[in-house]
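Just so it is clear, none of the values below were taken in a lab; they were calculated from the coordinates. Just so we're clear, the structure is a prediction, and the values are computed from it rather than from any experiment. Glycine gets a Cβ as well: all are built from the backbone with ideal geometry, and neighbour counts include every protein chain shown.
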Amino acid sequence: MLLGAIADDLTGATDLALMLAREGMKTVQVVGTPPPGFDLGDAEAVVVALKSRTIPAAEAVALSLEAARALREAGARQLIFKYCSTFDSTEKGNIGPVAEALMDFLGVPLSIACPAFPANKRTVYRGHLFVGDQLLSDSPMKDHPLTPMRDANLVRVLQAQTRLPVGLVPREVVAKGAEGIRAAFAAAVAEGPRLMIVDAIEDDDLRAIGAAAAEMALVTGGSGIAIGLPENFRRAGLIEGRTGPAKLEAPAGRPVILAGSCSAATRRQVAAAIAAGLPALKIEPLAIAEGRETAETVLAFIAAAGDGPALAYASDTPEAVAKAQAALGVERAGALVEHLFAEVATRLREKGYTRFLVAGGETSGAVVQALGVPALAIGPEIDPGVPWTLSLGDDRPVALALKSGNFGTDDFFLKAWGLLV
Ligand SMILES: Nc1ncnc2c1ncn2[C@@H]1O[C@H](COP(=O)(O)OP(=O)(O)OP(=O)(O)O)[C@@H](O)[C@H]1O
Ligand SMILES: O=C(O)[C@@H](O)C(=O)CO
């Protein structure tokens with residue numbers, strides 16, 4: 001094992017694991033910190049998926065340190081702390097506190113922070129994060145229920161979360177390539193900044209940053225920050241070049257789509273699936289609360305839908321979500337949907353369903369936890385940031401596509417199945 005990663009949510013971990021696999025590392029994703037002796041096979045990279053994005057900072061730090069210790073003990077020479085490409089955090093954290101604690105743990109003088117993921121239109125320029133053509137603070141992320149992002153200046157955002165001085169490696173330095181970036185890192189160590197936001201607007205920037213960070217014990221960022229790291233190990237003769245699988249051999253069984261994400265991309269995907277004639281059942285939190293919608297009603301719908309994938313979705317407009325939240329409370333509205341999907345997924349597996357496409361990070365977390373999946377092998381890319389995966393270490397394996405809310409093209413729910421054999 002060469003590279004260890006700690007991701008602050010499940011779909012983010014899958015996103016990173018795909019990046020590492022695509023760039024040629026044998027990669028395994030584990031759900032939570034693996035216990036001592038956990039069989040990691042011949043993995044060269046291991047991504048630990050935590051659920052630490054919005055929990056209290058002290059808890060996020062403790063969980064991340066536990067994962068870091070396990071990864072180091074398993075042999076990791078370099079660690080990645082993976083967070084969202086939209087830098088999802090609050091004034092208190094958890095990006096700053098976790099990065100700081102991991103630097104202390106590893107005893108390193110300098111680390112970097114770069115959420116850029118150009119394939120999904122997240123770029124950093126002069127320290128400012130863009131989502132497509134908009135500054136982060138003008139994007140829909142400004143209204144996120146848990147981590148509203150109202151400042152696009154990442155130096156300022158990160159500085160509010162850490163005692164360590166935060167600096168910037170601007171694009172004109174990144175454009176000089178690995179040598180130039182390495183010189184900027186050396187200057188920072190001499191001058192005082194300990195955490196550097198690094199500009200990146202295209203994959204070549206990230207590859208140069210990766211090469212410059214070959215000796216850095218900790219890097220932090222979105223999945224894009226990993227794009228250039230496998231090449232360092234390849235150059236050192238520690239891994240062989242190889243490309244990931246084009247298709248995934250999924251266990252025989254029926255398919256289903258469970259969408260608990262209300263993000264704009266997911267809502268477009270739901271609309272496209274309905275327009276294409278997929279059997280679709282809309283689930284409303286109020287109907288669950290009043291007992292009108294239950295696991296039985298959802299299972300009956302899915303069973304009646306035939307052999308192709310049926311869609312059960314709670315995805316709704318911001319207005320409808322706000323209404324449900326006003327009636328039930330934010331937490332209860334979310335929990336009702338998550339628990340229902342978790343129960344439906346468990347019972348579907350008992351009925352022989354083996355192919356699950358789940359939309360939404362929290363929703364995926366609830367489903368994977370309910371299915372008791374300990375680890376995931378990474379299969380082919382459906383869209384940037386979303387692979388098919390195969391559950392590992394359980395006796396009834398399932399194929400899972402765990403989609404971050406805002407990832408994927410509009411026809412994602414339709415085209416994903418073509419990558420399974
Ligand atoms: N109609 C609804 N009303 C209120 N809450 C809902 C509704 N539908 C889903 N939810 C809840 O909203 C939350 C959506 O979070 P989730 O992380 O699954 O999706 P996302 O935020 O789009 O994805 P990601 O975290 O990957 O960006 C879940 O807790 C889900 O149960
Ligand atoms: O980086 C991203 O955007 C995703 O992997 C993610 O973490 C979404 O929650």
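With the charge dipole of the chain set up from +1 on Lys and Arg Cβ and -1 on Asp and Glu Cβ about the Cα centre, the Cα lying farthest toward the positive end among the listed residues Ala399, Gly352, Thr90 is that of Ala399.
With a ≥ b ≥ c taken as the square roots of the eigenvalues of the C-alpha gyration tensor of region 267-327, please select rounded if a/c is under 1.5 and otherwise prolate if a/b is larger than b/c or oblate if it is not? Verdict is oblate for region 267-327.
Pairs of Lys residues in the chain that lie 8 or more places apart, or on two chains, and have C-alpha atoms under 20 angstrom apart add up to 17. Computed from phi, the 3J(HN,Hα) profile of region 413-421 under the Karplus parametrisation 6.51, -1.76, 1.60 (θ = phi - 60°) reads 5, 8, 7, 4, 5, x, 8, 9, 10 Hz, with x in place of Gly and Pro.
Against the empirical 2.2 N^0.38 Å scaling, what ratio does the C-alpha Rg of region 113-153 come to? In units of the 2.2 N^0.38 Å rule of thumb, it is 1.07. Calculated on the Cα set of region 3-235, radius of gyration then Dmax: 16.0, 47 Å.
Charged side chains reduced to their Cβ positions (Lys and Arg at +1, Asp and Glu at -1) give region 315-401 a dipole of some 260 debye around its Cα centre. Which of these, Phe407, Phe185, Phe105, has the largest mean-square fluctuation under a Gaussian network model of the chain (Cα springs below 10 Å)? Answer for the Gaussian network model of the chain: Phe105. Each Lys and Arg contributes +1 and each Asp and Glu -1, all at the Cβ; summed about the Cα centre of the chain, the dipole is approximately 160 debye.
Our note on the geometry: Cα centres of region 41-81 and region 246-267, 26 Å apart.
Binning the alpha carbon pair distances of the chain at 20 angstrom intervals from zero yields the distribution 28, 58, 14, 0, expressed in whole percent.
DSSP assigns beta bridges within the chain; of those with both partners inside it, close to 30 percent run antiparallel. Our coupling estimate for region 98-104, obtained by passing each phi through the Karplus curve with A = 6.51, B = -1.76, C = 1.60 and θ = phi - 60°, is 5, 4, 4, 5, 5, 5, 4 Hz, Gly and Pro reported as x.
Comparing mean-square fluctuations of Gly41, Gly244, Gly93 from a GNM of the chain with C-alpha springs under 10 Å, the top value falls on Gly41. Toward the positive end of the charge dipole of the chain, with +1 on the Cβ of Lys and Arg and -1 on the Cβ of Asp and Glu, the farthest Cα among Thr147, Ala250, Thr11 is that of Ala250.
Between Leu129, Leu40, Leu146, where does the largest GNM mean-square fluctuation fall for the chain, given springs only between Cα atoms within less than 10 Å? Top of the fluctuation ranking is Leu146. Over all distinct Cα-Cα pairs of region 246-361, the Kirkwood formula returns a hydrodynamic radius of 14.6 Å. Taking θ as phi - 60° and the Karplus parameters 6.51, -1.76 and 1.60, the scalar couplings of region 4-9 work out to x, 10, 10, 10, 8, 7 Hz in sequence order, x denoting glycine and proline. Of all DSSP beta bridges confined to region 254-419, the antiparallel ones make up roughly 35%.
Pull out a ≥ b ≥ c, the square roots of the eigenvalues of the alpha-carbon gyration tensor of region 145-279, then state rounded if a/c is under 1.5, prolate if not and a/b is larger than b/c, and oblate in the remaining case. Judged from the Cα gyration tensor, region 145-279 comes out oblate (a/c at least 1.5, b/c at or above a/b).
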